[in-house]
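The values are calculated or read from the model by the stated rules, or taken from the named source; none is laboratory data. Source: prediction; values computed, not measured. With ideal geometry, Cβ positions are generated from the backbone for all residues, glycine too; neighbour counts draw on all protein chains shown. Heads up: the accessible areas ignore ligands, DNA and RNA and are worked out on the full protein's heavy atoms, side chains in. Shrake-Rupley method; radii C 1.70, N 1.55, O 1.52, S 1.80 Å.
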Amino acid sequence: MKNRPLWLNLVLLVVLAVMPLLLSSYGLKLGSEVLIMAIFVMSLGLIIGFAGLVSLGHAAFFGAGAYTVTLIGDHLNNTYVLLLAAILVSGILAFISGLLFIRSSGAYFLMITLAFGQMLYAIAYKMEDITGGVDGKPVLATFDLGFGAIDSRLTFYYVTAVAFAASYFLLRVFISSPLGKSVRGIKENESRMTALGYNTRNYKLVVYTLSGMMAGFAGGLYSYFNEYISPDLLNWMFSGQALIMVIVGGVGTLLGPAIGAGFFVILQNYISSYTERWPIIMGLIFVAIVLYGRGGIIHIVSLIWNLLFRRKNRDQNMQHKEGTGIDSSKSGTSV
Amino acid sequence: MSVTTLTMHLLNGLAYGMLLFMIAAGLSIIFGLMNVVNLAHGTFYLAGVYIAYYFIGRQFGFWLSMLLSIIVVAILGVLMEKLLLERVYGKELEQVLLTFGLSFIFADVVKWIWGTSPLTLPVPSGLDVSADLGFMIFPAYRIFVILVGCMLAVLLWYMENKTRVGAMIRAGVDDRDMLSALGINIKVVFTCIFAFGAGLAGLSGVLGGPIMGMYVGIDSEILISSLVIVVIGGLGTWKGAFIGAIMVGVVDTLGRVLFPSFTMAMIFAIMIVVLLIKPNGLFGRGAHA
Amino acid sequence: MTLLKVEHLSKSFKALNVLKDVSLEVREGERHVVIGPNGAGKTTLFNCITGTLPINQGTVTVNNTQISGLPAYTAVGVGMSRTFQKNNLFGSLTVEENLHLAINACKPYRFNFFKPINKFTDVLEETEHLLKEWNLWDRRDRVVNELSYGEQRLLEVLLALASKPKILLLDEPTSGMSPAETIQTTKLIQSMPRSITLLVIEHDMEVVFSIADRITVLHHGEVFLSGAPEEIKGDERVKEIYFGGGTLKHA
């Protein structure tokens, strides 16, 4: 039982590595998009599920990363520097905004992050000279890790797969680290954490900044992937979709948000090829999930899993849920 | 910029502020009392203006269309509250998901029916003239909107402070359990408040139609401005919504003229400053921050 | 020497004065118990001392460091920690995880985010030590919400002890416990080393008199009397406050 995360991780790696054998060229492209979105949504899942900070402006950091790569990329074509810059810029933005917002909580935090994201959106939208305004901007920088430009879909898929795996393992370590545990404790019971001597605001700020950096990293990758960016990447609609992906996948888990991202990107792709009415369908899915979802895909999957394989030791399961973070975080959002 | 142009922009800003006030007031009281962030509140505005457009197109005339539109939107609000929101009280994430999804659906339905090109409502006859204010000429309709906004503010202020309903709402914003302790049927109060807020937003939509036009996307613009107003003004207070709306309306209108790229940033900066000085907003009562 | 010094502390909620010019001294190693009828302001006093609530007037000094006006989390840094009247735990975490959090609070590596917390051997050792000492070792894997009330009450104290405080503020440690649990807990409190100074709020007079070196009576937000247990026991006015003239026994 104790090494379930370990073999889960192995399965994950194998799936990531074998996927290209099963996918068409278009499937590879979709796969890359899913993985990039998964990194972004995991970063949001971190602050929502583990720190209890429900943000509706997380696209700000994704977009900041994307714009950083694109705008600096016009002048400097070095993938390492650009991605690092994307992480840094988003991190700084997250740090400064967090410094201002983190003392608010619940719905207030939600509204303020929303407004912050819209501010960046409006700036990108209006500053046509630099950002290309509403029409967006092509990405000139080429993806090159020092072995020549990477333009095959297969290679880029593996790049995103490595980026995803690295982000996932980083987060896995993070949530079991002293800082990660503390953040979880703050979500669970902030007043006790304060009484224990934690300056809770600092902890939230650190995790918010880290999450922003990871979102910026995803955004940077996205510019390379899409070769074109627009202010929509900063829009609250995008933030909202990411939030939905977290919730659909399962709040309070690491992989849940990634699964939610996959579910939505693929579904959107599929449905959009049949109808233009994707927003209505997506909206209906949201409503259905609220009314019938009960905690997201990963909870449903683990429920089925437990029914099939774990019937005998239900007691132990109760505890195990703890260890993997699949638990009651839904009820824990405070206002 | 001459004094006359400045005055004109200020009046325009005031008119815009009044439209925002009508939305933010409902949003704020719904948030303060029911603890629901209604991300579909912009939808009521959108619904208001498009439904009025439908009726005006059927020769109902502006005022009757306005009335019908408000009624339809209020009913929409009741349905939404009774059928959906009621199930997720106290569950913040679910509320966000639900209202966000609804705003997606409605925006797309509007797009489906009326297309994406911007439309506009005609200015009602009688008000489609320019009023001579003595020192400048200004569209009479906008002055009308400002007057309606001010009258509404006085009305709401009166209701809040001088009536039993107002006292109930104030008590409820401070302490929700108080209402049930007083033997008041919370469910009915919530539904009424929600319908009232929806109707107000619908009214704002109809009145705003001739000024701002109508297009898909205006709902989220309006929603976000209103959320900022609620944060600035404080939860659950008409007064906060009023002052906040005027601030945002004027700054937004002036900003669009003076520094178009940074209008939103300016509004945001105001919000940050207010939050740093008064975490509960200018007139906030609750300990929500 | 005086470890905790509260001087002229006042606290009001709007028009309601809950604490009026309260002064209190707790000497190192002392077991100081605060008693008083319901609504006397005892818990508010704790909240003000620890900085959980902002105070209107007065100063709080711990170990010669003034902490009044500072945020609540700083209290632990000067060696003061507290428990709560109502269990205030991490209900969905295990007992062990609860302790990890409590121990981690004062470690230099508390911001570390790239090494699992259960790889830090000192955290594990301290957890084991505390849990064994307080008879909760066999409960370590249990989710706190599944523990019995008495066990949760013990954990409440344990979390506060984890930071190795010089002074520990216990807010009604035995409240809600069965008589047997009360006796057990009283023994555990009595057996705490004198290196830990105790300031205790307690209602159960048997517990009060079996642990107290010194007692302060709080009444209507004011210090009514402060003295050795014998003085308090014999004071007619204290009996008056409590029972309108009855005997000073179970409250």
- request: Give the distance, in whole Å, between the Cα centre of the stretch B:189-218 and the Cα centre of the stretch C:112-182.
  value: 55 Å
- prompt: Once both axes come from the Cα atoms, what is the angle between helix B:218-233 and the longest principal axis of chain B, in degrees from 0 to 90, rounded to 10?
  reply: 60 degrees
- line: Taking 0.36 nm per residue of separation between residue B:60 and residue B:3 and subtracting their Cα-Cα distance, the length gained on full extension comes to 16.5 nm
- line: Averaged over residues of A:235-244, the number of beta carbons from other chains lying within 10 Å of each residue's Cβ is 3
query: Among all helices in chain A defined by DSSP H, which have a length of 24 Å or more along the axis from Cα atoms plus a Kyte-Doolittle mean of at least 0.0?
result: A:4-22, A:25-45, A:79-101, A:106-126, A:153-176, A:200-226, A:255-272
message: Can you give me the solvent accessible area of residue B:278 with a 1.4 Å probe, rounded to the nearest 10 Å²?
response: 90 Å²
- line: In Å, the Kirkwood estimate of hydrodynamic radius for the stretch C:52-137 over Cα pairs equals 15.2 Å
- line: Sparse-neighbourhood loop hits (trypsin sites (Lys or Arg not before Pro), the stretch B:1-99; DSSP loop; Cβ within 10 Å at most 16 others) -> B:58, B:91
- request: Eight or more residues apart or on different chains, and alpha-carbon atoms under 26 Å: count the Lys pairs in chain A matching that.
  value: 17
- prompt: So for A:129, C:138, what's the accessible-area order with a 1.4 Å probe, most first?
  reply: A:129, C:138
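Report the FRET efficiency, 1/(1 + (r/R0)^6), for residue C:190 and residue B:276, where r is their Cβ-Cβ distance and R0 is 45 Å, rounded to 0.05. Write out the running numbers ahead of the final one.
Numbers: r = 50 Å, r/R0 = 1.11.
Calculated value: 0.35.
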query: Which longest run of chain A has no exposed loop site in it, a site being GluC sites (Glu not before Pro) in a DSSP loop with at most 16 other beta carbons within 10 Å, and the site itself not part of the run?
result: A:1-226
- request: Return the long-range amide H neighbours of residue C:18 (sequence gap of 5 or more, or a different chain), with a cut-off of under 5 Å between placed amide H atoms.
  value: C:11, C:12, C:13
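For chain A, with all protein chains present and a 1.4 Å probe, just round the carbon and sulfur fraction of the accessible area to a whole percent.
Values: 8720 of 13390 Å².
So the carbon and sulfur contribution to the accessible surface is 65 percent.
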- prompt: In sequence order, what are the phi-derived ³J(HN,Hα) couplings for the stretch C:189-203 according to the Karplus relation 6.51 cos²θ - 1.76 cosθ + 1.60 with θ = phi - 60°, rounded to whole Hz, with x for glycine and proline?
  reply: 5, 4, 7, 5, x, 5, 6, 9, 7, 10, 10, 10, 9, 8, 9
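If you filter the stretch A:3-46 for chymotrypsin sites (Phe, Trp or Tyr not before Pro), then keep DSSP loop positions with at most 10 other Cβ within 10 Å, what is left? Each step should come with its number before you reach the end.
Details: sites: A:7, A:26, A:40; in loops: none.
Sites meeting the loop and neighbour criteria: none at all.
To the nearest 100 Å², how much accessible surface do chains A and C hide from each other in total, with a 1.4 Å probe? Mind dumping the intermediate values first?
Details: alone 16920 and 12320 Å², together 26530 Å².
Its buried surface, counting both partners, is about 2700 Å².
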query: Who wins for biggest fluctuation among A:162, A:301, A:139 in a Gaussian network model of chain A, springs between alpha carbons below 10 Å?
result: A:301
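State the dimensionless ratio Rg/Rh of the stretch C:11-105 (Rg: radius of gyration of Cα atoms; Rh: Kirkwood radius).
On the way: Rg = 15.0 Å, Rh = 15.2 Å.
Checking Rg against Rh, the ratio lands at 0.99.
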query: Heavy-atom accessible area per residue, chain C, 1.4 Å probe: how many Å²?
result: 44 Å²
Using θ = phi - 60° and Karplus 6.51 cos²θ - 1.76 cosθ + 1.60, couplings along the stretch C:228-233 (whole Hz; Gly, Pro as x): 5, x, 5, 4, 5, 4
message: For residue C:239, give me every one of the lysines with a C-alpha distance below 20 angstrom, ignoring sequence neighbours fewer than eight places off in its own chain.
response: C:42, C:249
field: Cβ-derived FRET efficiency at R0 22 Å, residue B:71 paired with residue B:125, nearest 0.05
entry: 0.50
Angle in degrees between helix B:238-258 and the longest Cα principal axis of chain B, rounded to the nearest 10: 40 degrees
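Determine the dipole magnitude for the stretch A:24-292: charges of +1 sit on the beta-carbon of Lys and Arg, -1 on that of Asp and Glu, nothing else is charged, the reference point is the Cα centre, and the result goes in debye to the nearest 20. Kindly include the intermediate steps, with their values, before the conclusion.
Values: 13 positive and 12 negative charges, 202 e Å.
Roughly 980 debye, rounded to the nearest 20.
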- line: Within the set A:76, A:30, A:303, GNM on chain A using Cα springs under 10 Å gives the largest fluctuation to A:303
- prompt: chain A: longest stretch without exposed trypsin sites (Lys or Arg not before Pro) (DSSP loop, at most 13 other Cβ within 10 Å), sites themselves excluded?
  reply: A:3-293
task: Send over a whole-number figure in Å² for the accessible area per residue of the stretch B:157-289, probe 1.4 Å.
output: 39 Å²
- request: Compute the acute angle (0 to 90°) between the alpha-carbon long axis of helix B:3-34 and the principal axis of greatest extent of the alpha-carbon atoms of chain B; round to the nearest 10°.
  value: 20 degrees
query: What ranking of A:151, C:171, C:213 comes out by heavy-atom accessible area, probe 1.4 Å, highest first?
result: A:151, C:213, C:171
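Mind checking C:84-97 for the average number of partner chain beta-carbons within 10 Å of each residue's beta-carbon?
Numbers: counts 3, 0, 0, 1, 4, 3, 9, 4, 11, 7, 3, 0, 0, 6.
Average neighbour count from other chains, rounded to a whole number: 4.
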task: Could you work out how far apart the two model spin labels at residue B:155 and residue A:266 are, taking each label as a point 7 Å from the Cα in the direction of the beta carbon, and quote it in nm?
output: 5.3 nm
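Quick check: at a probe of 1.4 Å, how many percent of the accessible area of chain B sits on carbon and sulfur atoms? Present the calculation step by step, with values, prior to reporting the outcome.
Values: 7860 of 11350 Å².
Here it works out to 69 percent.
Quick one: buried accessible area between A and B, total over both chains, 1.4 angstrom probe, nearest 100 Å²?
Numbers: alone 16920 and 13540 Å², together 26150 Å².
Buried: approximately 4300 Å² between B and A.
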statement: For the stretch A:24-292, the per residue accessible area (1.4 Å probe, Å²) is 33 Å²
Distance from the stretch C:40-96 to the stretch A:65-113 (C-alpha centre basis), Å: 37 Å
query: Could you give the length gained on full extension between residue A:10 and residue A:78, defined as 0.36 nm per residue of separation minus the Cα-Cα distance, in nm?
result: 21.3 nm
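Over the stretch C:142-251, what portion of Cα pair distances is larger than 20 Å, expressed as a whole percent? Walk me through the numbers on the way to the answer.
Working: 2727 of 5995 pairs.
The proportion of pairs with Cα distances above 20 Å equals 45 percent.
Averaged across C:108-120, how many Cβ atoms of other chains sit within 10 Å of each residue's Cβ atom?
Values: counts 0, 3, 10, 7, 6, 16, 7, 5, 9, 8, 2, 3, 2.
Whole-number average of other-chain Cβ neighbours for C:108-120 is 6.
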Most mobile listed residue (A:22, A:140, A:71) in chain A, GNM with C-alpha springs under 10 Å: A:22
field: Phi to ³J(HN,Hα) by Karplus 6.51 cos²θ - 1.76 cosθ + 1.60 over the stretch C:91-96, Hz, x for Gly, Pro
entry: x, 9, 9, 7, 4, 4
